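> The following block contains the structure, expressed as structure tokens.
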Amino acid sequence: MTAPAERRMSRVDTAWLRMDNDVNLMMIVGVWLLTPAITLAALRERIETRLLKYERFKHKAVLDTMGATWVEDPHFDIARHVVLEKIPRKRGQSERAALQQRCGELAVTPLDPAHPLWQFHLVERYEGGCALIARIHHCIGDGIALISVMNSITDGGNDPPRRSVPAEHDDDPDADWLSDAVLKPLTGLAVKALDMYGSGVARSIEALAHPQQPLMGSLDMAKAGLQVASDLAALALMADDSPTRLKGKPVGRKVVAWSEPMPLEVVKVVGRALNCSINDVLLSCVSGAIGGWLREQGDSITGAEIRAMVPVNLRPLEKAWQLGNRFGLAPLVLPIGIANPVERVYAVRQRMNQLKGSYQPLLAFGVLAVTGLFIKPVQDIVLGLFAKKTTAVMTNVPGPAVPLKFCGATLRQTMFWVPASGDVGVGVSILSYGGGVQFGLITDAALCPEPQAIIDRFEPEFQKLLLLSLMLPWGATEPHAAA
């Protein structure tokens, strides 16, 4: 059956489409470093035969008074979307510094709205191989979805199942369980906060997947109602974020940086030694690196905390190929003012545990869905409230455990940067790939002109944790136990 030429965009994807502003574009920017180099012809052939099987990459986004529509581009030209990129180098500038500079420039260069919102830039010569810069608008898909798509275009990657959009979504892009699970409860709460009868809110994601089987009248439902009411109030009453030099008015000039990978197995060992998750360890390193950099700038941050919005995946990973945005946002407080690395990792663990069982990610998804119905000025006001309450956007994405091949070349390193909304000027990315884990940072030049100075602090912070965990007595997993 031939796919229709037009399809309504979901409310959440519409919200992301309209979130672009003068200082932040909603583009996910990524880099692949390949050895040996590949040719432009091979790249275009791979994109045509693999990526374009996802029909969304052949469609442009057309805004109207009611939202937006995916419309097939009758003038689609692969040469417009897969281009050569020449990167001039200043005297004394390294290849990496030149590539990072260009990535920052492309992060604030709008994609052409008259055509599908993505582009690949091939840097033919880079560190003995080549580099591939990808720019994809967030309305096409979230990080988990795009990682799935990018993996599928590698050598031996799996094609999407027959169609890149399920048939049942053809007429109603919001006819999914998340809309029923989130929008209905939000409406009900606005009328009667604890009356959850028939709302579709369930005790877990699995139950939310079957809203036709509500837990009406049960104790679980009452608890769910209380939790939703509490989380809704927490989102609404959340205090503005603490002032630091990383929070201010961006100017719309981006700078990016990334680290060399650290061995993931060693991170796991430290986590086990400290009875913490890998995530706790990595987020503690983020907190320590940011806090150390702020202290170096002369800021007094003793006891200070900043808030980062952390995406939470809300769909099964096996359905990531469906594209679109299916994630919520959880506000995570980072204890940047705690200098002791062990004390800091347990503070992070405590904050992560507080988020478990919370409906805040679902409610944030609902807020985005609702704002997709508003006109842009109203949407900007709503999203601006979130921006006031946060300093950074931060994401942690698991990649393939073994190195991949692309057009016969080895994908030796990969990194991506998350976009920020409103006036947020910092984006932190954590990506595991090929047995390593690395950090990426994108900042506004007015807030942090040299993000590499923060990036360079990540590994030393981890080394402190590693050393202290090795010093713990056998069997001791908490500071008080060691004492």
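> Please determine whether any residue of the range 467-475 is part of a loop (DSSP other than H, G, I, E, B) and modelled with pLDDT of 75 or more. Give the steps one after another, and end with the answer.
To start, the set of residues in the range 467-475 that are part of a loop (DSSP other than H, G, I, E, B) comprises 472-475.
From what's left, modelled with pLDDT of 75 or more: none.
No, the range 467-475 contains no residue that is part of a loop (DSSP other than H, G, I, E, B) and modelled with pLDDT of 75 or more.
> Additional query: Return a yes/no flag: does the range 312-331 have any residue that is aromatic (F, W, Y) and under 30 Å from M9 (Cβ atoms).
Yes, some residue in the range 312-331 is aromatic (F, W, Y) and under 30 Å from M9 (Cβ atoms).
> Suppose we filter R125, R135 for residues that are of a type in the set (K, R), over 29 Å from V312 (Cβ atoms) and surrounded by fewer than 22 Cβ atoms within 10 Å (Cβ to Cβ); which single one remains?
On the way: R135 fails: over 29 Å from V312 (Cβ atoms).
That would be R125, the only listed residue that is of a type in the set (K, R), over 29 Å from V312 (Cβ atoms) and surrounded by fewer than 22 Cβ atoms within 10 Å (Cβ to Cβ).
> It is to be established whether one or more residues within the range 325-339 are at pLDDT below 80, of a type in the set (F, W, Y) and in contact with a Pro (Cβ under 8 Å, 6 or more places away or on another chain).
Yes, the range 325-339 has at least one match.
> Residues L111, L106, L34, L25: which one is under 21 Å from L146 (Cβ atoms), in a helix (DSSP H, G or I) and of a type in the set (A, V, I, L, M)? Write out each step before concluding.
On the way: L111 fails: in a helix (DSSP H, G or I); L34 fails: in a helix (DSSP H, G or I); L25 fails: in a helix (DSSP H, G or I).
Selected residue: L106, the only one of L111, L106, L34, L25 that is under 21 Å from L146 (Cβ atoms), in a helix (DSSP H, G or I) and of a type in the set (A, V, I, L, M).
> Taking interchain pairs and intrachain pairs at least six residues apart, which have beta carbon atoms under 6 angstrom, with the first residue in the range 336-357 and farther than 13 Å from I278 by Cα and touching a residue at least 24 places away in the same chain (Cβ under 8 Å) and the second basic (K, R) and surrounded by fewer than 20 Cβ atoms within 10 Å (Cβ to Cβ)?
Sorted first by the residue in the range 336-357, then by its partner, the pairs are P341/K464.
> Give V281, V270, V286 a once-over and let me know the one that is at pLDDT 50 or above, out of contact with any Pro (no Cβ under 6 Å at 6 or more places or on another chain), within 30 Å of D22 (Cα to Cα) and part of a helix (DSSP H, G or I).
The match here is V286.
> Taking the condition of being modelled with pLDDT under 85 and in a loop (DSSP other than H, G, I, E, B), how many residues in the range 303-322 meet it?
Of the residues in the range 303-322, 4 are modelled with pLDDT under 85 and in a loop (DSSP other than H, G, I, E, B).
> For the range 117-140, give me the residue count where each residue is touching a strand residue (DSSP E or B) at 6+ places or on another chain (Cβ under 6 Å) and outside any loop (DSSP other than H, G, I, E, B).
The number of residues fulfilling the criteria is 16.
> Then there's this: Considering only the range 2-16, I want to know if a residue exists there that is in a strand (DSSP E or B), of a type in the set (D, E) and either on the phi > 0 side of the Ramachandran plot or in contact with a strand residue (DSSP E or B) (Cβ under 8 Å, 6 or more places away or on another chain) (or both).
From the range 2-16, those in a strand (DSSP E or B) are 6-8; that's our starting set.
Next, from what is left, pick out any that are of a type in the set (D, E): 6.
Filter once more, keeping what is either on the phi > 0 side of the Ramachandran plot or in contact with a strand residue (DSSP E or B) (Cβ under 8 Å, 6 or more places away or on another chain) (or both): 6.
For the range 2-16, residues in a strand (DSSP E or B), of a type in the set (D, E) and either on the phi > 0 side of the Ramachandran plot or in contact with a strand residue (DSSP E or B) (Cβ under 8 Å, 6 or more places away or on another chain) (or both): present.
> Quickly run through the range 257-291 and pick out the residues that are acidic (D, E) and surrounded by 21 or more Cβ atoms within 10 Å (Cβ to Cβ).
D280
> Follow-up question, since we're still on this one. Here is a list: W16, W32. Which entry is modelled with pLDDT of 95 or more, among the aromatic types (F, W, Y), under 28 Å from L132 (Cβ atoms) and under 24 Å from the mean Cα position of the chain (by Cα)?
Every option except W32 fails the conditions.
> Any idea how many residues of the range 38-80 are crowded, with 18+ Cβ neighbours inside 10 Å, over 17 Å from R18 (Cβ atoms) and among the aliphatic types (A, V, I, L, M)?
3
> Is there a residue being modelled with pLDDT of 95 or more, under 18 Å from I140 (Cα atoms), in a helix (DSSP H, G or I) and not aliphatic (A, V, I, L, M) anywhere in the range 59-69?
no
> Tell me, which residue of the range 293-323 that is among the small types (G, A, S) and crowded, with 20+ Cβ neighbours inside 10 Å is farthest from A145 (Cα to Cα)?
A308
The values are calculated or read from the model by the stated rules, or taken from the named source; none is laboratory data. Owing to the predicted nature of the structure, the values given are computational and were not obtained by experimental measurement. Ideal geometry is used to build each Cβ from the backbone, glycine not excepted, and the neighbour counts take in all protein chains shown.
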